[in-house]
Amino acid sequence: MRGKQAVKRKIIGDIKYNDTDIAKFINYLMEKGKKSVAQKVVYGAFDIIKEKTKQDPRHIFNKGLKKIMPLLEVRGRRIGGANYQIPYQVRGDRRFALGCHWLIEAAKERKGAPMSIKLASEIMAAAEGEGAAVKKRETVQKQAEANKAFAHFAR
């Protein structure tokens with residue numbers, strides 16, 4: 001690693017709820033610098049969640065994200081001419097980032113509706129422990145469990 005490590009910036013909360021996690025999620029969803037579009041999508045999804053569940057959408061969002069965030073992941077490492085998939089514990093920041101990315105990918109894969117509706121349905125499915133994002137987490141966890149024999153190669 002050359003040079004200094006980049007300074008970690010403090011993220012300001014979002015406009016509506018003043019929540020840093022929602023602000024980060026909006027930033028992950030944003031494409032080509034269009035933050036207002038990403039905010040409309042997220043807040044539209046939150047309105048749909050509030051309308052359907054009659055609960056606080058932030059609570060449903062956090063509950064769903066908790067069920068998506070992985071505890072273990074595998075990383076490839078070359079040892080003695082062979083590549084091994086070694087399981088590692090996932091740090092907090094990376095857990096949140098992976099959970100958000102998987103949630104956004106799962107929402108984008110749903111077809112035939114506007115993004116806010118797809119995102120709302122994926123968040124609600126994740127809160128119930130269902131959906132494509134939860135399935136993605138389970139496959140990553142199973143892969144890490146299957147390769148536990150190589151855990152001694154981790155530093």
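Taken as a whole, region 112-135 holds at least one residue that is within 30 Å of residue 45 (Cβ to Cβ), in contact with a Lys or Arg (Cβ under 7 Å, 6 or more places away or on another chain) and not in a helix (DSSP H, G or I).
A quick yes/no check of all residues on (1) over 15 Å from residue 22 (Cβ atoms); (2) modelled with pLDDT under 95; (3) among the charged types (D, E, K, R):
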residue	(1), (2), (3)
61	no, no, no
77	yes, yes, yes
83	yes, yes, no
87	yes, yes, no
92	yes, yes, no
97	no, no, no
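Specify which of the listed residues (118, 40, 135) is at pLDDT 95 or above, among the basic types (Lys, Arg), farther than 27 Å from residue 18 by Cβ and under 20 Å from the mean Cα position of the chain (by Cα).
Step by step, each of 118, 40, 135 is checked, and only 135 is at pLDDT 95 or above, among the basic types (Lys, Arg), farther than 27 Å from residue 18 by Cβ and under 20 Å from the mean Cα position of the chain (by Cα).
Within region 6-42, if we keep just the residues that are among the acidic types (Asp, Glu) and buried (at least 17 other Cβ atoms within 10 Å of the Cβ), the residue that is farthest from residue 66 (Cα to Cα) turns out to be 14.
Restricting attention to region 79-121 and to residues that are under 21 Å from residue 154 (Cα atoms) and β-branched (Val, Ile, Thr), the residue that is surrounded by the fewest Cβ atoms within 10 Å (Cβ to Cβ) turns out to be 79.
When 68, 49 are checked against the criterion of being among the β-branched types (Val, Ile, Thr), over 30 Å from residue 153 (Cα atoms), in contact with a Phe, Trp or Tyr (Cβ under 8 Å, 6 or more places away or on another chain) and in contact (Cβ under 8 Å) with a residue 60 or more places away in the chain, 49 stands alone in meeting it. Checking 86, 60, 15, 22 one by one, the residue that is aliphatic (A, V, I, L, M), assigned to a loop (DSSP other than H, G, I, E, B) and either at negative phi or touching a Ser or Thr at 6+ places or on another chain (Cβ under 7 Å) (or both) is 15 and no other. When each of 97, 151, 107 is tested for being over 22 Å from residue 26 (Cα atoms), among the aliphatic types (A, V, I, L, M) and not in a loop (DSSP other than H, G, I, E, B), the lone residue that passes is 151.
The values are calculated or read from the model by the stated rules, or taken from the named source; none is laboratory data. Fair warning: this is a prediction, and the values are worked out from it, not measured in the lab. Cβ: placed from backbone, ideal geometry, glycine included. Neighbour counts: every protein chain shown.
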